[in-house]
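Q: The structure that follows is given in the form of structure tokens.
The values are calculated or read from the model by the stated rules, or taken from the named source; none is laboratory data. The model shown is predicted, which means the values in this text are computed figures rather than measured ones. Cβ placement follows ideal geometry from the backbone for every residue including glycine, while neighbour counts extend to all protein chains displayed.
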Amino acid sequence: MKRYAFEKLKAWKDNPNRKPLVIKGARQVGKTWLMRAFAKQYYAKVAYVSFADTPNAKNIFKGDYNLDNILLGLNLLTNVQITPQDTLIIFDEIQECERALNALKFFKENAPDYHIIAAGSLLGVAVRQKQFSFPVGQVDFLNLYPLSFCEFLDAIGEDNLSKLILNNNWVVLQNFQDKCINLLKQYMFVGGMPEVVKSFALNKDMTEVRRLQNAILSGYQEDFSKYTESHNVPKITSVWNSLPTQLAKENKKFAYKDIQKGARAREYEAAVEWLNLTGLVYKINRISKPYLPISGYEEISAFKLYMIDTGLLCAKAMLDAKTIIEGNKIFEEFKGALTEQYVLQELKIKDNLPITYWGLSSGRAEVDFVIQDKDKVIPIEVKATINLKAKSLASYRQKYEPIKAVRTSLAGYEENKGLFNIPLYMIESLVE
């Protein structure tokens, strides 16, 4: 399976000023596969250590941080003679060993020639809740997400279409618009979790797709009790289970009262934060003024919560597979929230792209997303089908006069006085 993160890993490997790399991402997004596949292709040797599967690996990091002793211990544990430049050292599930995490600092300072990649699904939770110390400034980061639409196309053998999308070749793409829309419908139901995409690519069996999605959701549910205090589990579960209901509203602002009657923010804020730290949800804050930097205008008490993946959202909401063959129904589910979920996923893969949404406190106007691209603040209105009426975006443009604005829908590409209509299937190339 092709992952575009390979290009980022290659750039990291070739950078003479590289630091140990930490890959962050939720469980099941393919971190382990990515590290192993990259090692196999670009290194002569790989020394792989999983702190979850090999608990005694933690013993290597006891005592002082003597790198000679650590390397000797890794040699013995992995049965690999580790040498600089041609060996990739992999620390998987590093959140299970705080001292291994801190050892990255000593490698950076005292043995920079060694190539090290670490990954941790619950690293954010460990750092925040277990009060782990962290080697700030001594590591590089890479965020890994579910497969994008173009990665999905590559996986099912439609790589020519993905190339056209990534090259912004809308002139040619307009000849294949119906095909792109049909494939996008499949992607929104299947989602981008690697195991699910692989199964779909091989078998095209939607029953098996749903079985695998439900298995992933069950695994996440088990993590709630495994990686947090028992008294927090019911609250995390309640927030998680409320997401389809939250997104089915016309106004998708997260409301604690929709978790259960009488719920208060102070009771559930920690649960929301836990889910956000694990990467299982995307928290998008509201801004009332779209000025630079947009992070300075975020309202932390007003936000929307999306799930990690469109396919998992379909599974959690028990949407039937027939929605992908019933016209454009799948784009309209949850009052268009499934389409918003998809657009957000495509935006998230652009690392360090600040994402918010704009809205009035009265709720009378709302623009689905507002991004900051360098010195520009760009509003993005998401339309579920070919309906191009966007009163909120029109109100926003009249009030703030942005140089560029985006409306994304099933309609074809069009530009008119700074308003860009970008087909939903081309959102991955939006920034370019």
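Q: Within the stretch 315-338, identify whether any single residue is over 29 Å from residue 365 (Cβ atoms), buried (at least 21 other Cβ atoms within 10 Å of the Cβ), of a type outside the set (Val, Ile, Thr) and within 20 Å of the chain's Cα centre (by Cα), and answer yes or no.
A: The answer is yes; a qualifying residue exists.
Q: Sticking with this structure for a sec: List pairs: first in the stretch 273-291 and surrounded by fewer than 21 Cβ atoms within 10 Å (Cβ to Cβ), second in a loop (DSSP other than H, G, I, E, B) and aromatic (Phe, Trp, Tyr), Cβ under 9 Å, 6+ apart or cross-chain?
A: That search, which allows pairs on different chains as well, returns 283/254.
Q: Something else about it: Could you please let me know if residue 65 is in contact with a helix residue (DSSP H, G or I) (Cβ under 7 Å, 6 or more places away or on another chain), part of a loop (DSSP other than H, G, I, E, B) and under 30 Å from residue 226 (Cα atoms)?
A: Considered against the rule, which asks whether it is in contact with a helix residue (DSSP H, G or I) (Cβ under 7 Å, 6 or more places away or on another chain), part of a loop (DSSP other than H, G, I, E, B) and under 30 Å from residue 226 (Cα atoms), residue 65 comes out as yes.
Q: Sticking with this structure for a sec: Which residues, counting only those in the stretch 175-218, are in contact with a Ser or Thr (Cβ under 9 Å, 6 or more places away or on another chain), in a helix (DSSP H, G or I) and closer than 19 Å to residue 162 by Cβ?
A: 185, 187, 188, 189, 190
Q: Has the stretch 115-123 got any residue that is free of Cβ contacts under 8 Å to residues at least 60 places away in the same chain, part of a loop (DSSP other than H, G, I, E, B) and either under 29 Å from residue 309 (Cβ atoms) or not assigned by TED's automatic domain parsing to the domain that holds residue 272 (or both)?
A: Scanning the stretch 115-123, I find no residue that is free of Cβ contacts under 8 Å to residues at least 60 places away in the same chain, part of a loop (DSSP other than H, G, I, E, B) and either under 29 Å from residue 309 (Cβ atoms) or not assigned by TED's automatic domain parsing to the domain that holds residue 272 (or both), so the answer is no.
Q: Now for a separate question. Looking only at the stretch 1-21, which residues are free of Cβ contacts under 8 Å to residues at least 60 places away in the same chain and either in a loop (DSSP other than H, G, I, E, B) or closer than 25 Å to residue 200 by Cβ (or both)?
A: Correct list: 6, 7, 15, 16, 17.
Q: Would you confirm, using the coordinates I've provided, whether residue 95 is touching a Gly at 6+ places or on another chain (Cβ under 7 Å) and either farther than 30 Å from residue 223 by Cα or not in a strand (DSSP E or B) (or both)?
A: It is true that residue 95 is touching a Gly at 6+ places or on another chain (Cβ under 7 Å) and either farther than 30 Å from residue 223 by Cα or not in a strand (DSSP E or B) (or both).
Q: Taking into account only those residues within the stretch 44-58 that are touching a helix residue (DSSP H, G or I) at 6+ places or on another chain (Cβ under 9 Å) and either surrounded by fewer than 17 Cβ atoms within 10 Å (Cβ to Cβ) or without any contact (Cβ under 8 Å) to a residue 24 or more places away in the chain (or both), which is nearest to residue 103 (Cα to Cα)?
A: The residue in question is 58.
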